[in-house]
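Please read the structure below before turning to the comments.
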Amino acid sequence: MSRVLHRSGAIPPIAVRGEGVYLITADGNRVIDASGGAAVAALGHGNRRIAEAIGRQAAAMAYSHTGTFSNQPSEDLAEMLLADEPGGLTRAWFCSSGSEGNEAALKLARQYFVEIGQPQRVRTIARRQSYHGTTLGALAAGGNMMRRALYEPILSPMHSLVSPCFPYRFKRDDESDAQYLDRLSEELEAEFQRVGPDTVTAFLAEPVVGATTGCVTAVPGYFKRVREICDRHGALLILDEVMCGMGRTGTMHAWEQEGVTPDIQIIAKGLGGGYQPIGGVLIADRIVQALANGSGGFLHGQTYQAHPVACAAALEVQKIIREDRLLENVQAMGQRLERGLVERFGNHRHVGDIRGRGLFWAIEFVTDRATKGVFEPGLKLNERVKAEALARGVAGYPMGGTLDGKQGDHYIVAPPYIVSPAEVDAIVERLGDAVDSALKSVGR
């Protein structure tokens, strides 16, 4: 028996060691970590340089409270991330997860408006089928309907949702990209007007939507239009790059490919690559100055904020990404992964869409490509694909409820930035066999 409360109730295989893109289980199986867990393990597993950096910091000083002290790893990490002030972001606040980062961002946005004399701003607008974290505030702000359902009665009503920019599912057949963009813009503008433009603190979105819908990129110009609407009404733009940021899509920040800059950005998974639990909030200078000229600081904090060992690990991860020019490998292997997925699944009668960017890709399953019909949720097709892939030595990231929290299945492939051509090819080949076997098990 296990005394751990596992996610599904069942006891999963125990992983005991990691080597590069591989995880090794207690019974000796070598599994390609084809999604880095949840797009976390950016540098793979078993990196001695990072492990040694963690050990050195733990031996020197494992912990100090940020209410009294700063620490050098957090100072150095913030400097590395923000030395060139990307997009006008000038300060960092470090925590232990993406959920905590989103929670802090919501509070920071609220405090900013109080500091500048607009205390009536209490609301946020986000998108359906988005995900911003598991804590109550972040869950309430997000649009993952499956994760919200049980807790709906205790979620704050100060958040509202608009349609996602999800062209495969929601752009009409008679619409051009421009017309679809206009429709989404009109809906967002209408929501500002419905709740009162001067009550909104921020619009919150993932530049590339992660687990909930599977690597969905927006139509060109979408985020520029969103930025214009936010600016017109004096609201902040918060971009959640917990999953898609820190190099995952081929640039350090996913927003670089959208032609906009955020007022607040949340980072996490690729920040520390799984070597330590760490997340962060990157903050525009005008917000920093508002706090400095007002109450003097951010009225929020937590015990493990800017943890020195976590920051030391993330600092080493970021050094390696830069020194080894790994974004170039993300771009090259991302192109190879895209080609492989298109070659294997482009004409597959039960794969409706192949989408993504960099080393962040997903395939969506359909009963019929023409109608885009979904599989019966009770079949749990995504879980069947996961099991078949794992049996072939590949661990990816499956998810159900792609359309609305109940219907739809997809599978994410997001390997570490160090992945090789041969490993990319192996992932695609084994996933192809796994998909066919899973479909066969449901009579397809």
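Points to keep in mind about this one:
- Checking Val242, Val226 one by one, the residue that is within 18 Å of Leu106 (Cβ to Cβ), modelled with pLDDT of 95 or more and either more than 18 Å from the chain's Cα centre (by Cα) or in a helix (DSSP H, G or I) (or both) is Val226 and no other.
- Residue match in segment 191-201 (condition: more than 30 Å from Leu327 (Cβ to Cβ), in contact (Cβ under 8 Å) with a residue 24 or more places away in the chain and aromatic (Phe, Trp, Tyr)): yes
Residues checked against (1) touching a strand residue (DSSP E or B) at 6+ places or on another chain (Cβ under 9 Å); (2) closer than 25 Å to Gln120 by Cβ; (3) among the polar types (S, T, N, Q):
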position	(1), (2), (3)
Phe203	yes, yes, no
Pro207	yes, no, no
Thr212	yes, no, yes
Cys215	yes, no, no
Phe223	yes, no, no
His233	yes, yes, no
Glu241	yes, no, no
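- One residue from Ala104, Ala138, Ala92, Ala109 being closer than 30 Å to Gly296 by Cβ, part of a strand (DSSP E or B) and among the aliphatic types (A, V, I, L, M): Ala92
- Residue in segment 52-68 that is modelled with pLDDT of 95 or more and over 24 Å from Thr303 (Cβ atoms) present: yes
- Members of segment 1-58 found to be of a type in the set (Val, Ile, Thr), touching a residue at least 24 places away in the same chain (Cβ under 8 Å), over 20 Å from Ala434 (Cβ atoms) and in a loop (DSSP other than H, G, I, E, B), listed by number: Val40
- Some residue of segment 116-133 being closer than 30 Å to Gly67 by Cβ, without any contact (Cβ under 8 Å) to a residue 24 or more places away in the chain and either out of contact with any Gly (no Cβ under 6 Å at 6 or more places or on another chain) or of a type in the set (Phe, Trp, Tyr) (or both): yes
- Where helices (runs of 4 or more DSSP H) sit wholly within segment 253-341, none has at least 1 residues that are modelled with pLDDT under 95 and either assigned by TED's automatic domain parsing to the domain that holds Leu81 or crowded, with 24+ Cβ neighbours inside 10 Å (or both).
- Every residue from segment 148-183 that is touching a residue at least 12 places away in the same chain (Cβ under 8 Å), more than 22 Å from the chain's Cα centre (by Cα) and surrounded by 12 or more Cβ atoms within 10 Å (Cβ to Cβ): Ser156, Met158, Lys171, Asp177, Tyr180, Leu181
- Residue in segment 212-227 that is within 30 Å of Gln57 (Cβ to Cβ) and not polar (S, T, N, Q) present: no
- Residue match in segment 2-15 (condition: of a type in the set (D, E, K, R), over 19 Å from Ile321 (Cα atoms) and at pLDDT 95 or above): no
- The single condition among (1) in contact with an Asp or Glu (Cβ under 6 Å, 6 or more places away or on another chain); (2) assigned to a helix (DSSP H, G or I); (3) surrounded by 22 or more Cβ atoms within 10 Å (Cβ to Cβ) that Val435 does not meet is (1).
- When residues in segment 112-135 are screened for being touching a Phe, Trp or Tyr at 6+ places or on another chain (Cβ under 6 Å) and part of a strand (DSSP E or B), 1 of them pass.
- If you go through segment 359-383 and keep only what is in contact with a Phe, Trp or Tyr (Cβ under 9 Å, 6 or more places away or on another chain) and part of a loop (DSSP other than H, G, I, E, B), you end up with Leu359, Val366, Thr367, Lys372, Val374, Phe375.
- Of all the residues in segment 223-252, those that are surrounded by fewer than 24 Cβ atoms within 10 Å (Cβ to Cβ) and at positive phi number 2.
- One residue stands out in segment 400-419 among those that are in contact (Cβ under 8 Å) with a residue 60 or more places away in the chain and surrounded by fewer than 23 Cβ atoms within 10 Å (Cβ to Cβ): the one that is farthest from Lys380 (Cα to Cα), namely Ile418.
- A count restricted to segment 367-389 and to residues that are surrounded by fewer than 20 Cβ atoms within 10 Å (Cβ to Cβ) and at negative phi stands at 12.
The values are calculated or read from the model by the stated rules, or taken from the named source; none is laboratory data. These numbers were taken from a predicted model, which means no experiment stands behind them. Virtual Cβ from ideal backbone geometry, glycine too; neighbours counted across all protein chains shown.
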